[in-house]
Amino acid sequence: MDNHPKFEAFANRLAKMYKHTGKWARRQGITCYRVYDNDIPGTPLAVDIYENIVHVAEYARDHGMSPGEHADWLSGCVSVISEALGVSIDLIYVKFRQRQKGLSQYDRFARTGAEFIVRENGLRFIINPADYIDVGLFLDHRNARQMVREQAAGKRFLNLFAYTGSFTVYAAAGGASETLTVDMSNTYLQWADRNLSLNNFSGKSHRLLQADVLAWLEQPPQEQFDLIVVDPPTFSNSKRMDGTLDIQRDHVMLLNRVLRFCKPGGTVYFSTNNRKFKIWEEEIRASEIKDISKQTVPDDFRNEKIHHCFKILK
(Lines give C-alpha, C1' and ligand atoms only; values in the text may rest on other atoms or scores of the structure.)
Protein backbone atom coordinates (compact mmCIF):
# COMPACT_ATOMS: atom_id res chain seq x y z
CA MET A 1 0.00 0.00 0.00
CA ASP A 2 1.14 3.54 -0.72
CA ASN A 3 1.68 5.07 2.75
CA HIS A 4 1.37 8.65 1.52
CA PRO A 5 -0.97 10.56 3.88
CA LYS A 6 -3.38 11.35 1.04
CA PHE A 7 -4.39 7.66 0.96
CA GLU A 8 -4.65 7.16 4.72
CA ALA A 9 -8.25 8.36 5.12
CA PHE A 10 -9.38 6.25 2.16
CA ALA A 11 -7.56 3.17 3.45
CA ASN A 12 -9.09 3.54 6.92
CA ARG A 13 -12.61 4.12 5.60
CA LEU A 14 -12.44 1.25 3.12
CA ALA A 15 -11.14 -1.18 5.75
CA LYS A 16 -13.89 -0.09 8.17
CA MET A 17 -16.66 -0.44 5.58
CA TYR A 18 -15.34 -3.78 4.33
CA LYS A 19 -15.42 -5.16 7.87
CA HIS A 20 -18.90 -3.79 8.57
CA THR A 21 -20.58 -4.40 5.20
CA GLY A 22 -18.80 -7.72 4.69
CA LYS A 23 -20.21 -9.01 7.97
CA TRP A 24 -23.72 -7.87 6.96
CA ALA A 25 -23.34 -9.47 3.52
CA ARG A 26 -22.24 -12.81 4.97
CA ARG A 27 -25.23 -12.86 7.33
CA GLN A 28 -27.53 -12.18 4.37
CA GLY A 29 -25.79 -14.67 2.07
CA ILE A 30 -24.89 -11.85 -0.31
CA THR A 31 -21.70 -12.23 -2.36
CA CYS A 32 -22.00 -9.15 -4.61
CA TYR A 33 -22.31 -5.79 -2.86
CA ARG A 34 -21.09 -2.18 -2.67
CA VAL A 35 -18.42 -1.58 -0.09
CA TYR A 36 -17.56 2.09 -0.70
CA ASP A 37 -19.36 4.90 -2.49
CA ASN A 38 -17.76 8.35 -2.53
CA ASP A 39 -17.65 8.18 1.26
CA ILE A 40 -14.90 10.72 1.87
CA PRO A 41 -13.98 13.97 0.08
CA GLY A 42 -11.25 13.63 -2.50
CA THR A 43 -11.83 9.94 -3.24
CA PRO A 44 -14.91 9.87 -5.51
CA LEU A 45 -15.00 6.15 -6.25
CA ALA A 46 -17.67 3.46 -6.18
CA VAL A 47 -16.15 0.13 -5.13
CA ASP A 48 -18.23 -2.98 -5.76
CA ILE A 49 -17.33 -6.54 -4.83
CA TYR A 50 -18.54 -9.25 -7.23
CA GLU A 51 -17.39 -12.37 -5.39
CA ASN A 52 -13.74 -12.78 -6.45
CA ILE A 53 -13.36 -9.56 -8.44
CA VAL A 54 -13.68 -5.85 -7.65
CA HIS A 55 -15.20 -3.21 -9.93
CA VAL A 56 -14.17 0.39 -9.32
CA ALA A 57 -15.87 3.39 -10.95
CA GLU A 58 -14.37 6.86 -10.66
CA TYR A 59 -16.99 9.61 -10.74
CA ALA A 60 -16.40 12.54 -13.08
CA ARG A 61 -15.20 15.72 -11.41
CA ASP A 62 -12.69 18.53 -11.93
CA HIS A 63 -9.78 17.01 -10.01
CA GLY A 64 -7.17 19.60 -11.06
CA MET A 65 -4.48 16.96 -11.60
CA SER A 66 -2.31 16.49 -14.65
CA PRO A 67 -2.79 13.19 -16.52
CA GLY A 68 0.35 11.81 -14.89
CA GLU A 69 -0.68 12.93 -11.40
CA HIS A 70 -4.13 11.47 -11.89
CA ALA A 71 -2.71 8.15 -13.06
CA ASP A 72 -0.46 8.02 -9.99
CA TRP A 73 -3.38 8.88 -7.71
CA LEU A 74 -5.59 6.19 -9.24
CA SER A 75 -2.78 3.64 -9.03
CA GLY A 76 -2.41 4.46 -5.34
CA CYS A 77 -6.15 3.99 -4.80
CA VAL A 78 -6.03 0.60 -6.52
CA SER A 79 -3.15 -0.46 -4.26
CA VAL A 80 -5.20 0.55 -1.22
CA ILE A 81 -8.19 -1.43 -2.50
CA SER A 82 -6.05 -4.48 -3.22
CA GLU A 83 -4.62 -4.57 0.29
CA ALA A 84 -7.79 -3.63 2.17
CA LEU A 85 -9.97 -6.18 0.36
CA GLY A 86 -7.32 -8.86 -0.08
CA VAL A 87 -7.80 -8.95 -3.86
CA SER A 88 -5.07 -9.22 -6.48
CA ILE A 89 -4.63 -6.06 -8.56
CA ASP A 90 -5.22 -8.27 -11.62
CA LEU A 91 -8.80 -8.80 -10.43
CA ILE A 92 -9.57 -5.08 -9.92
CA TYR A 93 -11.30 -3.43 -12.89
CA VAL A 94 -11.36 0.38 -13.04
CA LYS A 95 -13.77 2.60 -15.01
CA PHE A 96 -14.27 6.32 -15.39
CA ARG A 97 -17.96 7.11 -15.00
CA GLN A 98 -19.43 10.16 -16.68
CA ARG A 99 -23.04 11.29 -16.69
CA GLN A 100 -24.93 8.95 -18.99
CA LYS A 101 -25.46 10.57 -22.38
CA GLY A 102 -27.16 8.95 -25.30
CA LEU A 103 -25.10 6.36 -27.07
CA SER A 104 -22.60 6.07 -24.21
CA GLN A 105 -24.84 3.48 -22.53
CA TYR A 106 -23.99 1.09 -25.37
CA ASP A 107 -20.32 2.04 -25.77
CA ARG A 108 -17.80 -0.73 -25.53
CA PHE A 109 -14.63 -0.04 -23.55
CA ALA A 110 -12.58 -3.00 -24.72
CA ARG A 111 -12.83 -6.49 -26.14
CA THR A 112 -11.18 -8.55 -23.44
CA GLY A 113 -14.01 -11.07 -23.20
CA ALA A 114 -13.27 -11.37 -19.48
CA GLU A 115 -16.41 -12.96 -18.06
CA PHE A 116 -17.27 -14.32 -14.64
CA ILE A 117 -20.33 -16.07 -13.23
CA VAL A 118 -21.63 -14.69 -9.92
CA ARG A 119 -24.51 -15.74 -7.68
CA GLU A 120 -27.41 -13.80 -6.20
CA ASN A 121 -30.26 -15.34 -4.20
CA GLY A 122 -29.53 -18.78 -5.61
CA LEU A 123 -29.44 -17.57 -9.21
CA ARG A 124 -26.44 -17.16 -11.49
CA PHE A 125 -25.48 -14.24 -13.69
CA ILE A 126 -22.75 -13.53 -16.22
CA ILE A 127 -20.75 -10.36 -15.58
CA ASN A 128 -18.14 -8.68 -17.75
CA PRO A 129 -16.23 -6.14 -15.67
CA ALA A 130 -13.89 -4.88 -18.38
CA ASP A 131 -15.66 -4.32 -21.67
CA TYR A 132 -18.66 -2.08 -20.94
CA ILE A 133 -19.63 0.87 -18.72
CA ASP A 134 -21.45 -1.50 -16.36
CA VAL A 135 -20.68 -5.09 -15.52
CA GLY A 136 -24.09 -6.57 -16.36
CA LEU A 137 -25.74 -6.77 -12.92
CA PHE A 138 -26.95 -3.61 -11.16
CA LEU A 139 -26.48 -4.25 -7.45
CA ASP A 140 -28.86 -1.49 -6.35
CA HIS A 141 -31.77 -3.44 -7.89
CA ARG A 142 -31.19 -6.54 -5.74
CA ASN A 143 -34.24 -5.89 -3.52
CA ALA A 144 -36.50 -4.99 -6.46
CA ARG A 145 -35.51 -8.18 -8.27
CA GLN A 146 -36.54 -10.21 -5.23
CA MET A 147 -39.89 -8.38 -5.09
CA VAL A 148 -40.55 -9.40 -8.69
CA ARG A 149 -39.63 -13.00 -7.92
CA GLU A 150 -42.06 -13.10 -4.99
CA GLN A 151 -44.94 -11.82 -7.13
CA ALA A 152 -44.28 -13.66 -10.41
CA ALA A 153 -45.97 -17.03 -9.84
CA GLY A 154 -48.36 -17.76 -12.69
CA LYS A 155 -47.95 -14.23 -14.10
CA ARG A 156 -47.21 -13.02 -17.62
CA PHE A 157 -44.11 -10.84 -17.20
CA LEU A 158 -42.79 -8.00 -19.41
CA ASN A 159 -39.29 -6.53 -19.00
CA LEU A 160 -38.72 -3.22 -20.83
CA PHE A 161 -35.28 -1.63 -21.36
CA ALA A 162 -34.24 -5.04 -20.10
CA TYR A 163 -30.42 -4.73 -20.30
CA THR A 164 -29.02 -8.20 -19.47
CA GLY A 165 -32.36 -9.60 -18.32
CA SER A 166 -31.74 -10.05 -14.59
CA PHE A 167 -35.35 -9.12 -13.74
CA THR A 168 -36.52 -11.72 -16.27
CA VAL A 169 -34.40 -14.41 -14.63
CA TYR A 170 -35.96 -13.55 -11.27
CA ALA A 171 -39.48 -13.59 -12.73
CA ALA A 172 -38.83 -16.98 -14.30
CA ALA A 173 -37.41 -18.26 -10.99
CA GLY A 174 -40.56 -17.04 -9.28
CA GLY A 175 -42.73 -19.17 -11.56
CA ALA A 176 -43.85 -16.68 -14.22
CA SER A 177 -45.99 -18.47 -16.79
CA GLU A 178 -44.18 -16.63 -19.59
CA THR A 179 -41.82 -13.71 -20.06
CA LEU A 180 -41.09 -11.16 -22.78
CA THR A 181 -37.76 -9.31 -22.62
CA VAL A 182 -37.41 -6.17 -24.77
CA ASP A 183 -34.28 -4.10 -25.42
CA MET A 184 -32.84 -2.17 -28.34
CA SER A 185 -29.39 -3.75 -28.01
CA ASN A 186 -28.88 -7.17 -29.54
CA THR A 187 -25.69 -7.50 -27.48
CA TYR A 188 -27.64 -7.19 -24.24
CA LEU A 189 -30.47 -9.43 -25.45
CA GLN A 190 -27.97 -12.18 -26.24
CA TRP A 191 -26.53 -11.65 -22.75
CA ALA A 192 -30.07 -11.93 -21.29
CA ASP A 193 -30.62 -15.15 -23.23
CA ARG A 194 -27.40 -16.59 -21.81
CA ASN A 195 -28.44 -15.57 -18.27
CA LEU A 196 -31.76 -17.34 -18.73
CA SER A 197 -30.06 -20.47 -20.09
CA LEU A 198 -27.53 -20.41 -17.26
CA ASN A 199 -30.45 -20.79 -14.85
CA ASN A 200 -32.21 -23.44 -16.99
CA PHE A 201 -34.91 -21.10 -18.28
CA SER A 202 -35.39 -21.21 -22.03
CA GLY A 203 -37.85 -22.16 -24.72
CA LYS A 204 -40.99 -20.60 -26.17
CA SER A 205 -42.26 -19.34 -22.83
CA HIS A 206 -39.29 -16.95 -22.52
CA ARG A 207 -39.25 -14.66 -25.55
CA LEU A 208 -36.72 -11.96 -26.40
CA LEU A 209 -37.44 -9.01 -28.68
CA GLN A 210 -35.00 -6.49 -30.13
CA ALA A 211 -36.92 -3.23 -30.51
CA ASP A 212 -36.95 0.49 -29.77
CA VAL A 213 -39.10 0.27 -26.66
CA LEU A 214 -40.77 3.66 -27.17
CA ALA A 215 -41.74 2.84 -30.76
CA TRP A 216 -42.90 -0.65 -29.76
CA LEU A 217 -45.12 0.82 -27.03
CA GLU A 218 -46.76 3.15 -29.56
CA GLN A 219 -48.37 0.17 -31.27
CA PRO A 220 -51.80 -1.10 -30.20
CA PRO A 221 -51.17 -3.84 -27.60
CA GLN A 222 -51.38 -7.31 -29.09
CA GLU A 223 -51.14 -8.82 -25.60
CA GLN A 224 -51.23 -7.71 -21.98
CA PHE A 225 -49.15 -8.62 -18.95
CA ASP A 226 -49.77 -9.05 -15.23
CA LEU A 227 -46.37 -7.80 -14.10
CA ILE A 228 -44.13 -5.28 -15.86
CA VAL A 229 -40.71 -3.82 -15.08
CA VAL A 230 -39.62 -0.64 -16.84
CA ASP A 231 -36.11 0.65 -16.06
CA PRO A 232 -35.23 3.18 -18.77
CA PRO A 233 -32.05 5.22 -19.18
CA THR A 234 -32.16 8.75 -17.80
CA PHE A 235 -31.46 10.04 -21.29
CA SER A 236 -31.01 8.39 -24.68
CA ASN A 237 -30.63 9.56 -28.26
CA SER A 238 -29.60 6.34 -29.93
CA LYS A 239 -29.62 6.33 -33.73
CA ARG A 240 -31.97 3.36 -33.53
CA MET A 241 -34.56 5.38 -31.63
CA ASP A 242 -37.17 7.74 -33.01
CA GLY A 243 -36.21 11.01 -31.31
CA THR A 244 -34.77 11.21 -27.80
CA LEU A 245 -35.78 10.02 -24.35
CA ASP A 246 -35.47 12.34 -21.35
CA ILE A 247 -36.99 10.44 -18.44
CA GLN A 248 -38.09 13.50 -16.45
CA ARG A 249 -39.71 15.09 -19.48
CA ASP A 250 -41.12 11.89 -20.96
CA HIS A 251 -42.03 9.60 -18.05
CA VAL A 252 -45.76 10.39 -18.15
CA MET A 253 -45.96 9.51 -21.84
CA LEU A 254 -43.83 6.40 -21.28
CA LEU A 255 -45.81 5.08 -18.30
CA ASN A 256 -49.20 5.74 -19.86
CA ARG A 257 -48.08 3.71 -22.88
CA VAL A 258 -46.78 0.96 -20.61
CA LEU A 259 -50.09 0.81 -18.73
CA ARG A 260 -51.91 -0.04 -21.97
CA PHE A 261 -49.89 -3.28 -21.99
CA CYS A 262 -50.83 -4.03 -18.37
CA LYS A 263 -53.87 -6.10 -17.46
CA PRO A 264 -56.45 -4.48 -15.18
CA GLY A 265 -55.29 -5.12 -11.63
CA GLY A 266 -51.72 -5.65 -12.86
CA THR A 267 -48.54 -4.11 -11.46
CA VAL A 268 -45.82 -1.98 -13.06
CA TYR A 269 -42.49 -1.44 -11.33
CA PHE A 270 -40.85 1.74 -12.65
CA SER A 271 -37.28 2.65 -11.70
CA THR A 272 -34.98 5.50 -12.66
CA ASN A 273 -31.47 6.47 -11.56
CA ASN A 274 -32.16 10.16 -12.20
CA ARG A 275 -31.41 11.39 -8.69
CA LYS A 276 -33.45 14.59 -9.10
CA PHE A 277 -36.48 12.79 -10.53
CA LYS A 278 -39.99 13.95 -9.57
CA ILE A 279 -42.98 11.85 -10.59
CA TRP A 280 -46.02 13.68 -11.99
CA GLU A 281 -48.62 11.36 -10.49
CA GLU A 282 -51.74 13.28 -11.47
CA GLU A 283 -50.98 12.82 -15.17
CA ILE A 284 -50.45 9.04 -15.02
CA ARG A 285 -53.51 6.88 -15.68
CA ALA A 286 -53.05 4.50 -12.75
CA SER A 287 -55.30 3.48 -9.87
CA GLU A 288 -52.44 3.80 -7.36
CA ILE A 289 -48.80 4.94 -7.36
CA LYS A 290 -46.56 4.16 -4.40
CA ASP A 291 -42.96 5.32 -3.94
CA ILE A 292 -41.12 2.20 -2.74
CA SER A 293 -37.57 3.55 -3.05
CA LYS A 294 -36.81 3.09 0.65
CA GLN A 295 -37.64 -0.62 0.36
CA THR A 296 -35.76 -1.15 -2.90
CA VAL A 297 -32.47 0.64 -2.12
CA PRO A 298 -30.33 -2.05 -0.41
CA ASP A 299 -28.53 -1.49 2.89
CA ASP A 300 -25.10 -1.50 1.22
CA PHE A 301 -26.07 1.65 -0.72
CA ARG A 302 -25.72 4.52 1.72
CA ASN A 303 -26.83 7.05 -0.90
CA GLU A 304 -30.61 6.64 -0.72
CA LYS A 305 -30.99 8.47 -4.04
CA ILE A 306 -29.10 5.84 -6.04
CA HIS A 307 -32.47 5.20 -7.68
CA HIS A 308 -36.16 6.01 -7.40
CA CYS A 309 -38.60 3.11 -7.64
CA PHE A 310 -42.39 3.17 -7.86
CA LYS A 311 -45.05 0.48 -7.69
CA ILE A 312 -47.85 1.44 -10.07
CA LEU A 313 -51.19 -0.39 -10.09
CA LYS A 314 -53.55 -0.34 -13.03
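Could you figure out which of (1) touching a helix residue (DSSP H, G or I) at 6+ places or on another chain (Cβ under 6 Å); (2) touching a residue at least 40 places away in the same chain (Cβ under 8 Å) isn't true of R149?
Just one mismatch for R149, condition (2).
Take V268 and decide whether it is among the aliphatic types (A, V, I, L, M) and touching a helix residue (DSSP H, G or I) at 6+ places or on another chain (Cβ under 7 Å).
Taking the combined requirement at face value, the residue satisfies it.
I'd like to verify a number: residues in segment 54-68 that are acidic (D, E) and at pLDDT 90 or above, how many?
The number of residues fulfilling the criteria is 1.
Considering only segment 31-42, I want to know if a residue exists there that is open to solvent by 40 Å² or more (accessible area, probe 1.4 Å) and aromatic (F, W, Y).
no
Please pick out the residue among T244, T267, T181 that is of a type in the set (V, I, T) and either modelled with pLDDT under 95 or touching a Pro at 6+ places or on another chain (Cβ under 8 Å) (or both).
Sole residue among the options that is of a type in the set (V, I, T) and either modelled with pLDDT under 95 or touching a Pro at 6+ places or on another chain (Cβ under 8 Å) (or both): T244.
Got a sec? Which strands (runs of 3 or more DSSP E) wholly within segment 251-314 have at least 3 residues that are open to solvent by less than 70 Å² (accessible area, probe 1.4 Å)?
Fully inside segment 251-314 and qualifying: 262-272, 308-313.
Just checking, how many residues over segment 183-198 are open to solvent by 50 Å² or more (accessible area, probe 1.4 Å) and either free of Cβ contacts under 8 Å to residues at least 24 places away in the same chain or in contact with a Leu (Cβ under 9 Å, 6 or more places away or on another chain) (or both)?
The qualifying residues number 3.
Looking at segment 125-154, which of its residues are more than 17 Å from R194 (Cα to Cα) and among the aliphatic types (A, V, I, L, M)?
Matches in segment 125-154: A130, I133, L139, A144, M147, V148, A152, A153.
Report, by residue number, each residue of segment 204-216 that is at pLDDT below 95, surrounded by 18 or more Cβ atoms within 10 Å (Cβ to Cβ) and aliphatic (A, V, I, L, M).
Of everything in segment 204-216, those that are at pLDDT below 95, surrounded by 18 or more Cβ atoms within 10 Å (Cβ to Cβ) and aliphatic (A, V, I, L, M) turn out to be V213, L214.
Does F201 count as of a type in the set (F, W, Y), in contact with a Lys or Arg (Cβ under 8 Å, 6 or more places away or on another chain) and buried (at least 18 other Cβ atoms within 10 Å of the Cβ)?
Against the criterion (of a type in the set (F, W, Y), in contact with a Lys or Arg (Cβ under 8 Å, 6 or more places away or on another chain) and buried (at least 18 other Cβ atoms within 10 Å of the Cβ)), F201 does not qualify.
Looking at segment 43-61, which of its residues are without any contact (Cβ under 8 Å) to a residue 60 or more places away in the chain and crowded, with 19+ Cβ neighbours inside 10 Å?
Selection gives T43, L45, A46, V47, I49, V54, V56, A57, E58.
So for segment 126-138 (the condition being modelled with pLDDT of 95 or more, open to solvent by less than 50 Å² (accessible area, probe 1.4 Å) and not in a loop (DSSP other than H, G, I, E, B)), does at least one residue qualify?
Yes, there is a match, as at least one residue in segment 126-138 is modelled with pLDDT of 95 or more, open to solvent by less than 50 Å² (accessible area, probe 1.4 Å) and not in a loop (DSSP other than H, G, I, E, B).
Test each condition in (1) open to solvent by 30 Å² or more (accessible area, probe 1.4 Å); (2) farther than 22 Å from D140 by Cα; (3) in contact with a helix residue (DSSP H, G or I) (Cβ under 6 Å, 6 or more places away or on another chain) for Q222 and report the one that comes out false.
Checking Q222 against (1) open to solvent by 30 Å² or more (accessible area, probe 1.4 Å); (2) farther than 22 Å from D140 by Cα; (3) in contact with a helix residue (DSSP H, G or I) (Cβ under 6 Å, 6 or more places away or on another chain), the one that fails is (3).
Out of everything in segment 175-202 that is in a loop (DSSP other than H, G, I, E, B) and more than 20 Å from the chain's Cα centre (by Cα), what residue ends up being nearest to F270 (Cα to Cα)?
Step by step, filter segment 175-202, then rank; the result is A176.
Of the residues in segment 87-120, how many are at pLDDT 90 or above and open to solvent by 70 Å² or more (accessible area, probe 1.4 Å)?
Number satisfying all stated conditions: 5.
The values are calculated or read from the model by the stated rules, or taken from the named source; none is laboratory data. All figures in this text were calculated on a predicted structure; none of them were measured in a lab. So basically every Cβ, Gly included, is an ideal-geometry build from the backbone, and we count neighbours across all protein chains shown. Just the protein is used for accessible areas: all its heavy atoms, side chains included, with ligands, DNA and RNA removed. Shrake-Rupley method; radii C 1.70, N 1.55, O 1.52, S 1.80 Å.
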